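J.: Shown below is the structure under consideration.
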Amino acid sequence: MSERVALITGGARGIGRGIALDLASRHWKIAICYRTSEADAQKTALAITERGGQALAVRCDVSDPVAAKHLATQVEQTWGRIDVLINGAGPYHRINLFDETVEGWNEMFDGNLHPIFYLAQAVAPGMKARKSGRIINFSMANADQLLSQPDVTAHYIAKAGVLILTRTLAKLLAPHGITVNAVSPGFIDSGSAPPEELAGMTKRIPAGYIGTVDDTVAAVRYLLSEEARYVNGANIQISGAWGI
């Protein structure tokens, strides 16, 4: 997996950062996309180079289709190709459906679902030409259950949509040697949730503990490996059996 190029949205912090550093240890060229966390992005870029990779940190709002396409073009112009697309960006907020605003509703779809479509369209031509490529999208552990979600309605619908889009892309791109899979974390200690909130969820997790960034990175590492070349359209839950 050396000398490959990856584009990771949401790569400045948390799980995206963990994936970037894991690839860096195998000397990948890694573009991380961020929207507001410039300081974190610069720290991650430095850590990538310290681990033996090459880094490109790009500020981009991937909810803008023009900006998303430009991002992919910039990476391809810099390194000549994109072998892997990791769609890790995904805003989240908790609010009752009847207190939600139109702006908040649209933000959940614009941030969690639409960029996957925009970026898949942008990277697919190059991957098709090379007859290889990997795309990994992030959903959530119980999105396939289609449960009622009064306080995270738009976010949940968007994450369920990620699974449908993942399967559709997998079917369309499989003839070209490209795999498209989903990773669906449950409660992961990635720095995005307060420790006390995570601790309160432990009793609801059958495994009895909160997952780590490394647990999620390991699943991504497998999906990028040659051993997973025939895994396509799958959804791997990283949840300690929560949400099933």
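The values are calculated or read from the model by the stated rules, or taken from the named source; none is laboratory data. Quick caveat: nothing in here was measured; it's all calculated off a predicted structure. Neighbour counts run over all protein chains shown; Cβ positions are idealised from the backbone, glycine included. Areas reflect the complete protein model, heavy atoms only, side chains present, ligands, DNA and RNA absent. Shrake-Rupley method; radii C 1.70, N 1.55, O 1.52, S 1.80 Å.
J.: Tell me the volume per residue, in Å³, of the convex hull enclosing the alpha carbons of the stretch 78-163. Can you show the working numbers first?
T.: Values: hull volume 8.3 nm³, N = 86.
Convex hull of Cα atoms, per residue: 96 Å³.
J.: Enter the angle in degrees (range 0 to 90, nearest 10) between the Cα long axis of helix 114-130 and the first principal axis of the Cα atoms of the chain, meaning the one along which they spread out most.
T.: 30 degrees
J.: Right, another one. Please give the contour-minus-distance gain from K171 to F109: 0.36 nm per residue of separation, less the Cα-Cα distance, rounded to one decimal in nm.
T.: Numbers: separation 62, 0.36 × 62 = 22.32 nm, distance 2.27 nm.
Taking K171 through F109 to full extension adds about 20.0 nm, to one decimal.
J.: Give the shape of the stretch 23-73 as rounded, prolate or oblate, defined through the alpha-carbon gyration tensor: a ≥ b ≥ c are the square roots of its eigenvalues, a/c under 1.5 means rounded, and otherwise the shape is prolate if a/b is larger than b/c and oblate if not. Spell out each step's value before the answer.
T.: Details: a/c = 3.81, a/b = 1.72, b/c = 2.22.
It comes out oblate by the Cα gyration axes.
J.: Now for a different question. Would any residue of the stretch 185-205 have its amide N under 18 Å from a label point 7 Å out along Cα→Cβ of D151? List them or say none.
T.: Backbone N within reach: 186-188, 192-205.
J.: Farthest toward the dipole's positive end in the chain, which of I205, A39, I15, given Cβ charges of +1 (Lys, Arg) and -1 (Asp, Glu) about the Cα centre?
T.: The Cα lying farthest towards the positive end belongs to I15.
J.: Hey, another quick one. Over the C-alpha atoms of the stretch 1-126, what are the Rg and the largest Cα-to-Cα span, Dmax, in Å?
T.: Rg and Dmax of the stretch 1-126, Cα atoms, are 14.9, 49 Å.
J.: Now for a different question. What's the longest uninterrupted piece of the chain once you rule out the trypsin sites (Lys or Arg not before Pro) that are loop residues per DSSP with at most 10 other Cβ within 10 Å? Provide the component values of the computation, followed by the final result.
T.: On the way: sites that count: R94, K131.
Within the chain, the longest run free of exposed trypsin sites (Lys or Arg not before Pro) spans 132-244.
J.: Based on Cβ point charges of +1 for Lys and Arg and -1 for Asp and Glu, what charge dipole magnitude is obtained for the chain about its Cα centre, in debye rounded to the nearest 20? Provide the component values of the computation, followed by the final result.
T.: Numbers: 23 positive and 23 negative charges, 197 e Å.
Dipole magnitude for the chain comes out near 940 debye.
J.: Go through Y92, Y230 and list them by solvent-accessible area, largest first, probe radius 1.4 Å. Walk me through the intermediate numbers first.
T.: Numbers: Y92 120, Y230 205 Å².
Sorted by accessible area, descending: Y230, Y92.
J.: Using a basic spin-label model with each label point 7 Å from the Cα along Cα→Cβ, how many nm lie between R229 and A193?
T.: Placing both labels 7 Å beyond Cα along the Cβ direction yields 3.8 nm.
J.: Quote to one decimal, in nm, the extra length available between T73 and Y222 on full extension: 0.36 nm per residue of separation minus the C-alpha distance between them. Before the final figure, lay out the partial values.
T.: Values: separation 149, 0.36 × 149 = 53.64 nm, distance 2.70 nm.
Between T73 and Y222, full extension yields an extra 50.9 nm.
J.: Using R₀ = 22 Å, calculate the FRET efficiency as 1/(1 + (r/R₀)^6) where r is the Cβ-Cβ separation of Q42 and T212; round to 0.05.
T.: It comes out at approximately 0.35.
J.: Which pairs in the list K29/K159; K43/K128; K43/K69; K29/K128 are over 22 Å apart, alpha-carbon to alpha-carbon?
T.: Values: K29/K159 28 Å; K43/K128 33 Å; K43/K69 25 Å; K29/K128 20 Å.
Over 22 Å Cα-Cα: K29/K159; K43/K128; K43/K69.
J.: With everything on Cα atoms, drop me the angle between helix 213-224 and the longest principal axis of the chain, reported from 0 to 90° to the nearest 10.
T.: 50 degrees
J.: Dipole of the stretch 76-219, Cα-centred, from +1 at each Lys and Arg C-beta and -1 at each Asp and Glu C-beta, to the nearest 20 debye?
T.: Its charge dipole is roughly 880 debye.
J.: Here's a follow-up. Tell me, how many Å apart are the Cα centres for the stretch 1-58 and for the stretch 69-99?
T.: 13 Å
J.: Just reorder T166, T212, T202 by solvent-accessible area, largest first, 1.4 Å probe, all chains present.
T.: Details: T166 0, T212 60, T202 40 Å².
Of T166, T212, T202, the descending order of accessible area is T212, T202, T166.
J.: Report T36's accessible area, 1.4 Å probe, all protein chains in place, as a number in Å² to the nearest 10.
T.: For T36, the solvent-accessible surface is approximately 100 Å².
J.: Cα axis of helix 153-173 to longest principal axis of the chain: angle in degrees, 0 to 90, nearest 10?
T.: Orientation of helix 153-173: about 30 degrees from the principal axis.
J.: Once you have the alpha carbon radius of gyration of the stretch 164-244, what is it after dividing by 2.2 N^0.38 Å, with N set to its residue count? List each step's numbers first, then the result.
T.: On the way: Rg = 14.9 Å, N = 81, 2.2 N^0.38 = 11.7 Å.
Here the Cα radius of gyration is 1.28 times the empirical estimate.
J.: For the chain, what does the helix formula give at 222 nm: sum of -39500 (n - 2.57) over DSSP H segments with n ≥ 4, over the residue count, nearest 500 deg cm²/dmol?
T.: Working: 8 runs with 107 residues, N = 244.
Only helices count here, giving -14000 deg cm²/dmol.
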